[in-house]
Amino acid sequence: MDLIQTVLQIIPEMNYWLAEHPAVVHFRWSPTESWGSTWFFLIASISAYIAISTTLHVLLLLLRRQKPVPLGPIPALHSLAMALISATIFTGMLSSSVAEIRDTRWFWQRSKTPFQWLLCFPLGTRPSGRVFFWSYIFYLSRFLHIIKTFFTILRRRKFPFLQVFNHSILILMSFLWLEFSQSFQVLTILSMTLVFSLVYGYRFFTEIGFNEKSHFPFVMFCQIILLVTNLAWHIGVLVLHFWKGGCNGMGAWVFNTVLNSFVLMFFFHFYVKKSVNEKDFSSEVEANAITSDIRNKLDVKISEWYM
């Protein structure tokens, strides 16, 4: 009973900090009030990310280091931090969405259901309030996310072009969501943070020595689910845009769709290529253990370039 009472007391307190705190409720995306909200910062930060990644790769080539650079517990701590941050953003966005629907439903309830509002913001929506606060936190978390690229370079010495490309796109897309109050970003952030919290939690346990014998391609499975849900959100926005008289931020949606198409194309190209290599290799050796090992390597490769 004491535990239940404690939980019941904690929930309202958590809800206050996640959805009712003045900093959350009165958030406003603007160059004067939000760090990193200018186009100059966006371009400079992505350029710096690419430049640092390239420089690090070139330095390792010049040093001719054959072995991976020992990183100790740093990758595990990074995975743990990303898992906790993603879980916090997911919880905050979920709580804020419920509160935002409760407070603004009077304005759009005749034309939309709550789920339709999550997919299709009304025309004229400004980037302010609860859900945009958590969208902003998600945007900032992308800069912690890209540290994974440096780990990949230090460990494998190869330049992870697809990973750099994808992480740059994620930074750009999360900026566009805020800049143009883009529809469907709430559902996309909920999907991505849920998957990221699971994947980085899985990666943390792998880094500290667990899951070494697991043969299930967990990261690849999560990635496929994420790609399918994102495709569903894109189609849903398009349907509601023509059915309900317009959704906010459709110009950014078109650009976002083009970028996501490139990501989808790269993913399936990578997946098919690795699957063919797996099939060719496994036909030359004794089966089960080797095939499982290849699947694990495929899982690692996909997680390296996408997450």
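Every number here is computed from the coordinates shown, using simple stated rules; none is lab data. None of these values were measured; they are calculated from a predicted model. Every residue, glycine among them, receives a Cβ derived from its backbone with ideal geometry; neighbour counts consider all protein chains shown.
Quick one: Debye curve from the C-alpha atoms of the range 70-218, no solvent, what's log10 I(q)/I(0) at q = 0.09, 0.15 Å⁻¹?
With no solvent term, the Cα-only Debye profile gives -0.35, -0.83.
Give the Debye-formula value of log10 I(q)/I(0) at each listed q (0.24 Å⁻¹), with one equal scatterer per alpha carbon of the range 164-235, two decimals each.
-1.15
From the gyration tensor of the Cα coordinates in the range 138-185, what semi-axes in whole Å does the equivalent ellipsoid have, largest first, with each one equal to sqrt(5λ)?
Numbers: eigenvalues 136, 20, 7 Å².
Gyration-tensor ellipsoid for the range 138-185: 26, 10, 6 Å.
If you filter the range 199-258 for trypsin sites (Lys or Arg not before Pro), then keep DSSP loop positions with at most 12 other Cβ within 10 Å, what is left?
Those satisfying the criteria are Lys213.
For all pairs of alpha-carbon atoms in the range 11-133, what percent lies in each bin of width 5 Å, listed from the first bin to the last filled one?
Taking every Cα pair in the range 11-133, the percentages come to 2, 9, 12, 13, 15, 14, 11, 8, 7, 5, 4, 1, 1, 0.
Give the span of the range 99-174's Cα atoms along each principal axis, as three whole-Å numbers ordered largest to smallest.
The Cα atoms of the range 99-174 stretch 57, 18, 18 Å along the principal axes, largest first.
Could the peptides 60-70, 183-193, 94-104, 256-266 be put in order, highest first, of the mean number of other beta-carbon atoms found within 10 Å of their residues? It would help to have the intermediate numbers written out before the result.
Values: 60-70: 10.5, 183-193: 23.8, 94-104: 17.5, 256-266: 15.2.
Per-residue mean Cβ counts within 10 Å order the peptides as 183-193, 94-104, 256-266, 60-70.
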